[in-house]
1. With a bin width of 5 angstrom, please list the P(r) values of segment 18-102 as percents of all Cα-Cα pairs, from the 0 bin to the one holding the largest distance.
2. May I ask you to derive the FRET efficiency for residue 138 and residue 37 from their Cβ-Cβ distance with R0 = 22 Å, giving the value to the nearest 0.05?
3. Stretch residue 130-residue 88 to full length: gain in nm at 0.36 nm per residue minus the Cα-Cα span?
4. So which residue, out of 56, 15, 65, gets the largest mean-square fluctuation from a GNM of the chain using Cα contacts under 10 Å as springs?
5. Relative to the present Cα-Cα distance, how much length would full extension add between residue 14 and residue 79 at 0.36 nm per residue of separation?
6. Per DSSP H run of n ≥ 4, the term is -39500 (n - 2.57); total these for the chain, divide by its residue number, and report the mean residue ellipticity at 222 nm rounded to 500 deg cm²/dmol.
7. List 155, 18 from most exposed to least, where exposure is judged by having the fewest other Cβ atoms within 10 Å.
8. Multiplying the sequence separation of residue 29 and residue 96 by 0.36 nm and subtracting their Cα-Cα distance, what value in nm do you get?
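Each reported figure results from applying straightforward, stated rules to the coordinates on display, with no laboratory input. Worth saying up front: this structure is predicted, and the values here are computed from it rather than measured. When we count neighbours, we look across all protein chains shown, and the Cβ atoms used for this are built from the backbone with ideal geometry, even at glycine.
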């Protein structure tokens, strides 16, 4: 090994202050309110993102997308890895995933219970139903845990 190659090995690429800037000036963070019918696996399919790629012109590779499923089943963070301007294509990579139902340790109603809690869409949200006739007793709970607590305290 010559002296020149030893010097070259010691000199490494440096990181300079101009490489670093506040994140809000370098990328965007978007929020996706995901319908409850879609899963974590659905998020990773490029064909699901065609409409977003066509419509949100400011989205670009390097941006983040925070995902909260409308029934609060999970929260995820995606990185936009590819988006071509003028093209109907976009791909994402899953960076974080949190199963919120498992994290909450929600105590499910028992099979013997006369009531159940179900997700009934973005307007009715979590709903308490009587099992015998499927009658809605109460609706509009933001989380399943909140509905189950109401059920435990009132029925």
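1. P(r) for segment 18-102, in whole percents per bin: 3, 14, 24, 24, 17, 10, 5, 2, 0.
2. According to the calculation, E is roughly 0.40.
3. 10.5 nm
4. It is 15.
5. Residue separation times 0.36 nm, minus the Cα-Cα distance, leaves 20.8 nm.
6. -6000 deg cm²/dmol
7. Fewest-to-most ranking of 155, 18: 18, 155.
8. 22.7 nm
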